[in-house]
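What follows is a short report on a single structure.
The values are calculated or read from the model by the stated rules, or taken from the named source; none is laboratory data. Values in this document were obtained by computation on a predicted structure and should not be read as measured data. Cβ atoms come from the backbone with ideal geometry, glycine included; neighbour counts cover every protein chain shown. Ligands, DNA and RNA are stripped out before the accessible areas are found, and what is left, the full protein with its side chains, is counted by its heavy atoms. Shrake-Rupley method; radii C 1.70, N 1.55, O 1.52, S 1.80 Å.
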Amino acid sequence: MNKKEARARITELTSELERHNYNYYVLSAPEITDFQYDLLMMELQELEKRFPEYAVSTSPTQKVGSDLAPTAQFEQLPHKYPMLSLSNSYSMDEVAAFSGRVSKGTDLPFTFSCELKFDGTAICLTYKHGKLFRALTRGDGTVGDDVTRNVMQIPSIPHTLKEGTNYPDEFEIRGEIYMPYKAFDKLNRQRELDEEQPFANPRNAASGSLKLLDPKSVRGRGLECTLYHLITQEPVAQTHIESLHLASSWGLPVSEHAKECRNVEEVEQYITYWDTRRKELPYATDGIVIKVNQLPVQTSLGYTAKSPRWATAYKFKPEEALTKLLSIDYQVGRTGAITPVANLEPVQLSGTKVKRASLHNSEQIKLMDIHIGDYVYVEKGGEIIPKITRVALEERGFDIVPVEFPVCCPVCGTPLVKDEEEAKHFCPNSDFCPPQIKGKFIHFIGRKAMDINAGEATVEQLYNKGYINVLSDLYKLTREQLLTLDKWKEKSADNFLKSLEESKKVPFERVLFALGIRYVGETTAKNLASEFKSIDAIASATREQLLATEEVGEKLADSLLSYFADDRHLSTIKELKETGLQMEIDLSKKVIESEILKGKTIVISGNFSISRDEMKALIERNSGKVGSSISGNTTYMVAGDKCGPSKLEKATKLGIEIISEEEFIKILNKQN
């Protein structure tokens, strides 16, 4: 490689690594694995070593990845001591090389401290006079976000240390905030019900939760904390293990699994043990942290620009499980979409026993050449249930059976349909297929729709007892009927009836969304409500009038015409209107902060430092219109992480200005 090629590759790698740092630390949405990231980093380090004239102090090799958000939602404060990252090892040879470097760097005797590497987000706590004074994120290693109010909501972090213990008047202690599997699964189930993107893994969920703007919301996320690095002005111990024991005696949460290892062989034994046992833990771990145990030796070894010379992290290989595919069920969703779900021989994966996995659609089954009886690899990803990633063809036997996708609905028997442009099959019997009817009720009562105090189990009981069949039946329920439900007492019934009354205050655009008309999402419902102002106007609109509405295409127009042509639907709407639901827009309640986006239509795509709901609200509060798809009327496309490639392509083709979240915030700040 010549100098010109090296300079170009260094520039490319620097840009790519900075993007991945932003995705990982700020957006909590990494695109690549840690191992892939480290390969890029090692390539850059090697090139800078060979061509030092192109190495700069701002290179990713010389600084810690930053979790500081560009919108500065939290006060940013300096760390008293730099908060660095660890170098990574992926083999015992690399661990042995680390031990060799330590031996060369000191004449003093040393042992190792081995600890589990929690897969969460780093935190630095400061205690003064026995009380929690401040909590900072890692930030860029020099400056961190002040998340003290949020950290106060994590039960395992004490606000006050144990009385009578000999703790320093002021000290720092660092650790990891993480989300146990149980809390992670609960959060993702709720996000799925709310039609929000599930978190990809517990680390992303913990990082995102720590940056919530409402501290009360943090408490409900089930976060935990383990602390692992004590920093004091004057030494309080001679070894790292001793310092952890001291911290524990003060009431601070430290890992019970830390162990002193006398040599590399004992380190390897520790790694081998936990590579298996970690699967039984109730939280995610992605490796082992190996530190020189003697604190004076740590001091003598010192630091590089971005990591301590006295510590390294051994990273485990990504966890997957091999198991047998026993059968496939076909679930019917609210919109009639048929989703195949694999039934598996139970297998342990990421702390839970896995029995089922998503297969997405018939095309995915064909693509992977899946047969009943195959052995398949399973990963636990962003889905609520795990997903099958590939077939172990080398394990394929003679007793396999080809998968035959159903031609009729597995519940009501109606022949399935499949649009050429869509991957899924659908049951068209939307008003009489039981799973679709129950799905419509679950959608209707959801938080983003009518926000009624009930869940899936309640809907199941009400439907099975024959109390509900169309949406308006909810408002006819009596207290006596509710008290016949399993485990329902007077308080439950009263709370449900109260939430029904409260739902009558829900604005028209959410009522329209709650009806569950196919292709009518939150944004479309807002656009239709804004354009037509009432349900009656939408119901009587012509196809041409609907198509003239922003974001309404032919599929949606036809869906609306079909829905409002059905007398059964019109009857339900009439009854809902008589109940007192808002069936027209109330412009008097619209809150406007500025008119900086007046006349502008903004489409957002991807993940941002705030939720998509907050982004949409931000646009609307500044007089902008939220678009759901790119068209000639789009003013800006705000592109976040994992932005939709089709939207990017269309925006580029139409000459729509594509801006980042940071650029969008700058536009809003011009009003100040």
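Has segment 126-139 got any residue that is touching a residue at least 12 places away in the same chain (Cβ under 8 Å), part of a loop (DSSP other than H, G, I, E, B), more than 30 Å from V264 (Cβ to Cβ) and open to solvent by 20 Å² or more (accessible area, probe 1.4 Å)?
Among the residues of segment 126-139, at least one is touching a residue at least 12 places away in the same chain (Cβ under 8 Å), part of a loop (DSSP other than H, G, I, E, B), more than 30 Å from V264 (Cβ to Cβ) and open to solvent by 20 Å² or more (accessible area, probe 1.4 Å), which makes the answer yes.
Considering only strands (runs of 3 or more DSSP E) fully contained in segment 597-672, which possess at least 1 residues that are in contact with a Gly (Cβ under 7 Å, 6 or more places away or on another chain) and closer than 19 Å to S530 by Cβ? Steps first, answer last, please.
On the way: elements: 601-605, 625-627, 636-639, 657-659.
Output list reads 601-605.
Of the residues that make up segment 489-499, is at least one open to solvent by 50 Å² or more (accessible area, probe 1.4 Å), under 28 Å from I585 (Cα atoms), within 34 Å of the chain's Cα centre (by Cα) and touching a residue at least 24 places away in the same chain (Cβ under 8 Å)?
Yes, segment 489-499 has at least one match.
Do the conditions hold for E404, that is, is it assigned to a loop (DSSP other than H, G, I, E, B), of a type outside the set (S, T, Y) and closer than 28 Å to S562 by Cα? Quick ask: steps written out before the conclusion?
Details: assigned to a loop (DSSP other than H, G, I, E, B): yes; of a type outside the set (S, T, Y): yes; closer than 28 Å to S562 by Cα: no.
No, not satisfied.
Residue by residue through segment 550-579, note down the ones that are touching a residue at least 24 places away in the same chain (Cβ under 8 Å), of a type outside the set (S, T, N, Q), farther than 29 Å from V626 by Cα and in a helix (DSSP H, G or I).
R568, E575
When residues of segment 450-493 are filtered for being β-branched (V, I, T) and over 26 Å from M583 (Cβ atoms), how many remain? Lay out the reasoning, then the answer.
Step one: of segment 450-493, the residues β-branched (V, I, T) are 452, 458-459, 468, 470, 478, 484.
Imposing the further condition that a residue be over 26 Å from M583 (Cβ atoms) reduces the set to 484.
Residues in segment 450-493 being β-branched (V, I, T) and over 26 Å from M583 (Cβ atoms): 1 in total.
Looking only at segment 240-253, how many residues end up being open to solvent by 20 Å² or more (accessible area, probe 1.4 Å) and more than 19 Å from G287 (Cα to Cα)? Break it down stepwise before answering.
Taking segment 240-253 first, the residues open to solvent by 20 Å² or more (accessible area, probe 1.4 Å) are 241-242, 245-246, 248-249, 251, 253.
In the following step, the residues that additionally are more than 19 Å from G287 (Cα to Cα) were identified as 242, 245-246, 248-249, 251, 253.
Summing the residues that are open to solvent by 20 Å² or more (accessible area, probe 1.4 Å) and more than 19 Å from G287 (Cα to Cα) in segment 240-253 gives 7.
One line per residue, one yes/no per condition, for (1) over 28 Å from D566 (Cβ atoms); (2) β-branched (V, I, T); (3) part of a helix (DSSP H, G or I); (4) in contact with a helix residue (DSSP H, G or I) (Cβ under 8 Å, 6 or more places away or on another chain):
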site	(1), (2), (3), (4)
A423	no, no, no, yes
S430	no, no, no, yes
K440	no, no, yes, yes
D451	no, no, no, yes
Y463	no, no, yes, yes
E480	yes, no, yes, no
K491	yes, no, yes, no
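Among the residues in segment 467-476, are any without any contact (Cβ under 8 Å) to a residue 24 or more places away in the chain, of a type outside the set (D, E), touching a Phe, Trp or Tyr at 6+ places or on another chain (Cβ under 9 Å) and open to solvent by 40 Å² or more (accessible area, probe 1.4 Å)? Can you show your working first?
Going through segment 467-476, the residues without any contact (Cβ under 8 Å) to a residue 24 or more places away in the chain turn out to be 467, 473, 476.
Adding the requirement that they be of a type outside the set (D, E) leaves 467, 476.
Okay, now just the ones that are also touching a Phe, Trp or Tyr at 6+ places or on another chain (Cβ under 9 Å), so 476.
This time we only want the ones that are open to solvent by 40 Å² or more (accessible area, probe 1.4 Å), so: 476.
Yes, segment 467-476 contains a residue that is without any contact (Cβ under 8 Å) to a residue 24 or more places away in the chain, of a type outside the set (D, E), touching a Phe, Trp or Tyr at 6+ places or on another chain (Cβ under 9 Å) and open to solvent by 40 Å² or more (accessible area, probe 1.4 Å).
Residues E265, E280, E256: which one is open to solvent by 60 Å² or more (accessible area, probe 1.4 Å) and touching a residue at least 40 places away in the same chain (Cβ under 8 Å)? Lay out the reasoning, then the answer.
Details: E265 fails: touching a residue at least 40 places away in the same chain (Cβ under 8 Å); E256 fails: touching a residue at least 40 places away in the same chain (Cβ under 8 Å).
Sole residue among the options that is open to solvent by 60 Å² or more (accessible area, probe 1.4 Å) and touching a residue at least 40 places away in the same chain (Cβ under 8 Å): E280.
So Y283 ticks every box in (1) under 30 Å from F405 (Cβ atoms); (2) of a type in the set (S, T, Y); (3) touching a strand residue (DSSP E or B) at 6+ places or on another chain (Cβ under 6 Å) but one. Which box is left unticked?
(1)
List the helices (runs of 4 or more DSSP H) that sit entirely inside segment 141-251 and contain at least 3 residues that are at pLDDT 95 or above.
Values: elements: 148-151, 181-193, 202-210, 215-219, 240-249.
The qualifying helices (runs of 4 or more DSSP H) are 240-249.
Kindly provide the set of residues from segment 205-231 that are open to solvent by 30 Å² or more (accessible area, probe 1.4 Å) and of a type in the set (S, T, Y), ordered by number.
The answer is S217, Y228.
Quick test of your reading of the structure: F398 fulfils all but one of (1) within 30 Å of K104 (Cα to Cα); (2) free of Cβ contacts under 8 Å to residues at least 24 places away in the same chain. Name the failing condition by number.
In the conditions (1) within 30 Å of K104 (Cα to Cα); (2) free of Cβ contacts under 8 Å to residues at least 24 places away in the same chain, F398 misses (1) alone.
Could you check how many residues of segment 297-343 are farther than 30 Å from Y228 by Cβ and of a type in the set (G, A, S)? Please lay out each step first, then the result.
First, pick out the residues of segment 297-343 that are farther than 30 Å from Y228 by Cβ: 322-343.
Next, only the ones that are of a type in the set (G, A, S) stay: 327, 333, 336-337, 342.
So the count comes out to 5.
Find all pairs meeting these conditions: Cβ atoms under 9 angstrom apart; at least six residues apart or on different chains; first residue within segment 1-23 and farther than 30 Å from S609 by Cα and open to solvent by less than 60 Å² (accessible area, probe 1.4 Å); second residue hydrophobic (A, V, I, L, M, F, W, C) and assigned to a helix (DSSP H, G or I).
A6/L47
Could you tell me whether any residue of segment 513-532 is out of contact with any Gly (no Cβ under 9 Å at 6 or more places or on another chain) and among the polar types (S, T, N, Q)? Talk me through it step by step, then tell me what you get.
Taking segment 513-532 first, the residues out of contact with any Gly (no Cβ under 9 Å at 6 or more places or on another chain) are 515, 517, 520-522, 524-526, 528-532.
Narrowing the set further to residues that are among the polar types (S, T, N, Q) leaves 524, 530.
Yes: segment 513-532 contains one or more residues that are out of contact with any Gly (no Cβ under 9 Å at 6 or more places or on another chain) and among the polar types (S, T, N, Q).
Filter segment 647-672 down to the residues that are open to solvent by 80 Å² or more (accessible area, probe 1.4 Å) and under 22 Å from V520 (Cα atoms) and list them by number.
K650, the sole residue that qualifies.
Tally up the residues in segment 620-648 that are of a type outside the set (S, T, N, Q) and either within 16 Å of L597 (Cβ to Cβ) or without any contact (Cβ under 8 Å) to a residue 12 or more places away in the chain (or both), please.
Within segment 620-648, the subset of a type outside the set (S, T, N, Q) is 620-621, 624-627, 630, 632, 636-645, 647-648.
Right, trim to either within 16 Å of L597 (Cβ to Cβ) or without any contact (Cβ under 8 Å) to a residue 12 or more places away in the chain (or both) and you get 620-621, 624-627, 636-638, 645.
Counting residues in segment 620-648 that are of a type outside the set (S, T, N, Q) and either within 16 Å of L597 (Cβ to Cβ) or without any contact (Cβ under 8 Å) to a residue 12 or more places away in the chain (or both) gives 10.
Output the number of the condition that L576 fails; it satisfies all remaining conditions of (1) modelled with pLDDT of 95 or more; (2) of a type outside the set (D, E); (3) over 20 Å from V470 (Cβ atoms).
(3)
Out of the residues in segment 320-345 that are touching a helix residue (DSSP H, G or I) at 6+ places or on another chain (Cβ under 7 Å) and either within 30 Å of K291 (Cα to Cα) or of a type in the set (G, A, S) (or both), which is most open to solvent (accessible area, probe 1.4 Å)?
We begin by selecting, within segment 320-345, every residue touching a helix residue (DSSP H, G or I) at 6+ places or on another chain (Cβ under 7 Å); these are 332-334, 336, 340.
Then drop every residue that is not either within 30 Å of K291 (Cα to Cα) or of a type in the set (G, A, S) (or both), which leaves 333, 336.
Details: G333: 26, G336: 0 Å².
The residue in question is G333.
Output the residue which, of all residues in segment 600-617 that are among the aliphatic types (A, V, I, L, M) and surrounded by fewer than 22 Cβ atoms within 10 Å (Cβ to Cβ), is nearest to K448 (Cα to Cα). Can you show your working first?
At the first step, the residues of segment 600-617 found to be among the aliphatic types (A, V, I, L, M) are 602-604, 610, 615, 617.
Narrowing further to those that are surrounded by fewer than 22 Cβ atoms within 10 Å (Cβ to Cβ): 610, 615, 617.
Working: I610: 17, M615: 15, A617: 13 Å.
Selected residue: A617.
Which numbered condition trips up N166, out of (1) free of Cβ contacts under 8 Å to residues at least 40 places away in the same chain; (2) of a type outside the set (A, V, I, L, M); (3) surrounded by 14 or more Cβ atoms within 10 Å (Cβ to Cβ)?
(3)
What is the number of the single condition among (1) open to solvent by 30 Å² or more (accessible area, probe 1.4 Å); (2) modelled with pLDDT under 85; (3) over 30 Å from F444 (Cβ atoms); (4) in contact with a strand residue (DSSP E or B) (Cβ under 6 Å, 6 or more places away or on another chain) that Q348 does not meet?
(4)
Does segment 623-639 hold any residues that are closer than 15 Å to K526 by Cβ and out of contact with any Lys or Arg (no Cβ under 8 Å at 6 or more places or on another chain), and which are they? Please lay out each step first, then the result.
We begin by selecting, within segment 623-639, every residue closer than 15 Å to K526 by Cβ; these are 623-629.
G627, S628 - these are the residues of segment 623-639 that are closer than 15 Å to K526 by Cβ and out of contact with any Lys or Arg (no Cβ under 8 Å at 6 or more places or on another chain).
Tell me whether segment 365-377 contains one or more residues that are crowded, with 17+ Cβ neighbours inside 10 Å, in contact with an Asp or Glu (Cβ under 8 Å, 6 or more places away or on another chain), part of a loop (DSSP other than H, G, I, E, B) and of a type outside the set (V, I, T).
Yes, because at least one residue in segment 365-377 is crowded, with 17+ Cβ neighbours inside 10 Å, in contact with an Asp or Glu (Cβ under 8 Å, 6 or more places away or on another chain), part of a loop (DSSP other than H, G, I, E, B) and of a type outside the set (V, I, T).
I'd like the full set of residues that are under 23 Å from Q364 (Cα atoms) and either crowded, with 19+ Cβ neighbours inside 10 Å or at pLDDT below 90 (or both), limited to segment 422-434.
Within segment 422-434, the first condition is being under 23 Å from Q364 (Cα atoms), and the residues that meet it are 422-428.
E422, A423, K424, H425, F426, C427 - these are the residues of segment 422-434 that are under 23 Å from Q364 (Cα atoms) and either crowded, with 19+ Cβ neighbours inside 10 Å or at pLDDT below 90 (or both).
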